[in-house]
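Written below as structure tokens is the structure these notes are about.
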Amino acid sequence: MANMSESEEAPVMTAASEAGSSLRGPFLWLLGPATVWLWVATILALLGSLKLVDPRFLGAWGWLTFGRISPAAFLSFVYGFGVPVGLSAALWAVTKGGRLPLLGRRWCLATSFLWNVGLWGGITGVLAGESRSLSWLGLPTFSLPSLGLAYLLSAGWLVAALVSQWEKTSLASRFLLLGLVWIPWAGGAAALMLHDPAVRGVAVGSLEWWFNDGLLYAGLGAFALGIVYLLVPVSLGRPVAFSGLGRIAFWAWALFANLAGTAHLVGGPFPLWMVSLGVSSRFLLWVAAVAVGVGFWVAARGGAAEKGDWDPSWHFLRFGMSSLLVAAGLGALLALPAWSRYVHYTVLEEAQLILFLYGFLGMTFFSLLYTLLPRVLGRPWPSPTLAKAHFLLSSYGISFLVGLLAAGGLFQGVGLDDPDLPIHEVIVSLLPFLRSAAAPATALLAAHAVFGLHLLWLVVESGSSRRVEEEAALAGSAREGVRTP
Amino acid sequence: MTEPKRVLLGILLATGVGWLLLVWMPLRKLGPIRPSADGAPFGRAVIGGKVYAANGCASCHTQVIRPPNLGSDIARGWGARRSLPVEYQEEHIVPLGVLRLGPDLADVGERRTEPHWYYRLLYDPRTVYPGTVMPSYRYLFSRVPLLGSPLPDALSLSGRDAPPPGFQVVPGPKARALVAYLLSLKRVPLGETGKTP
């Protein structure tokens with residue numbers, strides 16, 4: 001896949017659209033609810049942002065308090081949107097972009113049903129006050145069996161399919177395999193340990209942060225990098241350059257993503273070696289991201305997408321890669337003790353997280369959706385203007401949101417470091433930044449609404465054209481005297 | 001062994017290394033070696049810890065005191081020394097926190113000892129800190145009929161917050177548990193130079 005040339009890619013477009021009907025159901029089962037979760041996440045995030053404008057807004061209901069909707073927003077985005085899109089990327093890879101028949105259609109349906117039931121229960125539980133406040137491990141216990149079973153149903157045969165169709169040169173397969181395997185491995189281990197009464201004390205904190213960074217980098221980050229390696233040949237007609245460097249980057253990513261979490265624990269009640277391991281791993285993850293980024297930009301220089309029409313997939317992909325390089329660099333620099341003194345526990349760290357989540361993961365996932373859905377549904381996106389509006393609203397929304405939080409975080413950090421300045425005054429000085437952030441958050445909500453409506457339009461159009469084709473086929477076969485069902 | 005199997009094994013090993021170093025070793029080296037002298041926390045404070053987690057207090061408050069070279073936590077009077085692993089050894093929920101939109105609470109039970117102050121803050125934070133972004137937790141309180149003299153825990157409210165005549169506002173079980181938890185947070189003994197935020 002990674003070394004597909006332009007001439008190899010062209011027939012795929014035709015073959016893929018022919019295979020659309022067999023893939024239509026599984027992808028829509030996964031991606032339809034994912035789009036709904038994206039809206040849920042964005043609406044909750046916007047509500048959280050408005051609560052910082054006026055904390056009394058919707059303040060009478062406990063289930064809408066800031067401390068519940070803020071984690072619910074992040075969990076909805078990661079588990080509701082991120083994981084199903086990651087599974088879709090793997091599905092896309094094992095069917096060779098829709099050319100191969102799909103054997104696991106029922107598994108996909110079962111996965112979608114169980115996953116969404118579990119997640120609705122989980123997010124409702126978080127809003128109802130059933131969370132243990134453990135960041136990405138914050139979903140209530142009762143939702144975990146359904147989520148675990150749902151994931152294993154699909155990931156099991158996707159791993160088997162990736163391994164059986166292994167392409168030696170494919171870096172996409174490697175990254176997708178990492179994402180597929182890491183989430184159940186680490187999620188299962190973490191969930192079991194957290195329910196063991198013997199596990200207590202600060203080890204719970206290091207377990208939490210091992211999982212947090214692992215999920216972002218080795219889980220969803222690996223899915224996103226797999227998508228980069230899948231889509232660059234499609235968009236540019238050439239693979240990501242320096243595949244040897246890419247292989248080294250993959251192994252660095254797989255190892256250091258598992259060790260980076262303790263960078264968050266600078267200054268905490270942990271031995272120095274743990275924190276140093278986390279900080280140095282963050283730097284090595286940045287190096288791995290730069291290695292992939294160099295190959296990406298070399299491939300992009302003079303690529304087909306730069307010369308042709310406005311290609312939404314390529315623009316989302318390019319924004320995603322730029323965000324990765326900045327977010328990974330920022331993640332490393334902020335963890336340095338010299339910086340950490342000022343920026344730890346400030347909204348600057350929140351800005352880095354949002355850049356990684358919405359800038360890298362979100363935009364890369366949208367890039368896949370803009371490539372995949374027209375082929376699966378057999379129709380092009382109905383409106384290039386809506387695609388462009390989605391991109392512009394998203395990119396400006398993310399940029400301003402991250403910029404405002406980063407600037408506010410610097411003021412907050414300097415204020416927090418001054419012991420004579422009461423904390424209350426520090427936070428009051430931060431408020432203009434937090435309140436201004438409601439505007440880009442609204443732009444992001446608008447962007448996701450535009451995408452949802454555009455997707456709905458595409459599904460409706462593809463459905464009506466399918467009916468016309470079926471009716472035409474039916475009429476033709478009736479004329480020929482063939483018995484019709 | 002074929003290449004895909006080698007890659008798969010490599011992924012499992014890489015994840016295993018992370019688990020070994022950041023989960024298993026801390027559990028062995030930093031976990032509870034022997035029961036603490038004070039025993040495990042129990043009663044209302046434990047329930048309050050769950051209320052603290054359920055309402056996402058850790059979204060805005062930390063519970064960790066950093067050493068002087070890594071922040072002004074000690075100079076602010078949030079604790080007399082940096083936090084140590086032993087102070088958390090009996091806890092199943094360790095809310096170290098991610099963001100400081102409010103003060104650190106590792107030692108808040110030493111700084112603020114009056115339950116009524118907490119009730120007042122939780123019911124309407126703006127009466128304690130005007131302009132704060134802290135949300136109100138009045139859903140943890142109940143409005144009950146006033147029969148004779150007000151109950152000892154009843155809040156004295158005026159203006160818009162005042163209950164209708166013949167009623168009083170009292171903390172509900174979750175508010176009482178949360179305040180019991182906050183009062184129990186005495187991880188680091190306060191030094192003589194400590195300040196109150």
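In table form, for the structure just shown:
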item	result
Of A:168/B:29; A:51/B:29; A:96/B:5, those spanning more than 30 Å from alpha-carbon to alpha-carbon	A:168/B:29; A:51/B:29
For a label point 7 Å along the Cα-to-beta-carbon line of residue B:146, residues of region B:166-180 with backbone N under 20 Å	B:166-172
Net lengthening on full extension, residue B:69/residue B:161 (0.36 nm per residue, minus Cα-Cα)	28.7 nm
Fully extended contour minus Cα-Cα distance, from residue A:273 to residue A:128, at 0.36 nm per residue	48.3 nm
Accessible carbon and sulfur surface of region A:264-359 relative to its total accessible area, %, 1.4 Å	70 percent
Pairwise FRET efficiency - residue A:442 versus residue A:36, Cβ, R0 = 22 Å, nearest 0.05	0.70
Spin-label pair residue A:383/residue A:309, simplified geometry with 7 Å Cα→Cβ offset, distance in nm	1.7 nm
Dipole magnitude of chain A, debye to nearest 20 (Cβ charges: Lys/Arg +1, Asp/Glu -1, about Cα centre)	780 debye
Helix A:438-479 axis, angle to chain A major axis (alpha carbon atoms, nearest 10°)	20 degrees
C-alpha center-to-center spacing [region A:291-363, region A:194-212] in angstrom	30 Å
Cβ-Cβ FRET estimate between residue A:333 and residue A:418, R0 fixed at 22 Å, reported to 0.05	0.50
Residue mean of other protein chain beta carbons inside 10 Å, A:271-284	1
For the protein assembly as shown, calculated [θ]222 nm from helices alone, where every DSSP H run of n ≥ 4 adds -39500 (n - 2.57)	-20500 deg cm²/dmol
Alpha-carbon centroid distance for the pair region B:89-107 / region A:19-58, whole angstrom	30 Å
Exposed-loop-free span, longest in chain A, where chymotrypsin sites (Phe, Trp or Tyr not before Pro) count as exposed if DSSP calls them loop and at most 14 other C-beta atoms lie within 10 Å	A:62-309
Longest exposed-site-free window of chain A, the sites being trypsin sites (Lys or Arg not before Pro) in a DSSP loop that have at most 16 other C-beta atoms within 10 Å	A:302-482
Other-chain or far-sequence residues with amide H under 5 Å of residue B:167's (modelled H)	B:146
Full-extension gain in nm, residue A:198 to residue A:456, via 0.36 nm per residue minus C-alpha separation	87.9 nm
Neighbouring partner chain Cβ atoms per residue of A:211-224, average, 10 Å criterion	1
Convex hull (Cα only) mean projected area of region B:41-184, reported in nm² to one decimal	9.5 nm²
Portion, in percent, of the accessible area of chain B that falls on carbon or sulfur, probe 1.4 Å	62 percent
For chain A: rounded, prolate or oblate by the Cα gyration tensor [a/c cutoff 1.5]	prolate
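The values are calculated or read from the model by the stated rules, or taken from the named source; none is laboratory data. All values reported here derive from a predicted model rather than from experimental measurement. Please note: Cβ atoms are built from the backbone with ideal geometry, for glycine as well, and neighbour counts cover all protein chains shown. When the accessible area is computed, the model is the full protein with side chains, heavy atoms only, and any ligands, DNA or RNA have been set aside. Shrake-Rupley method; radii C 1.70, N 1.55, O 1.52, S 1.80 Å.
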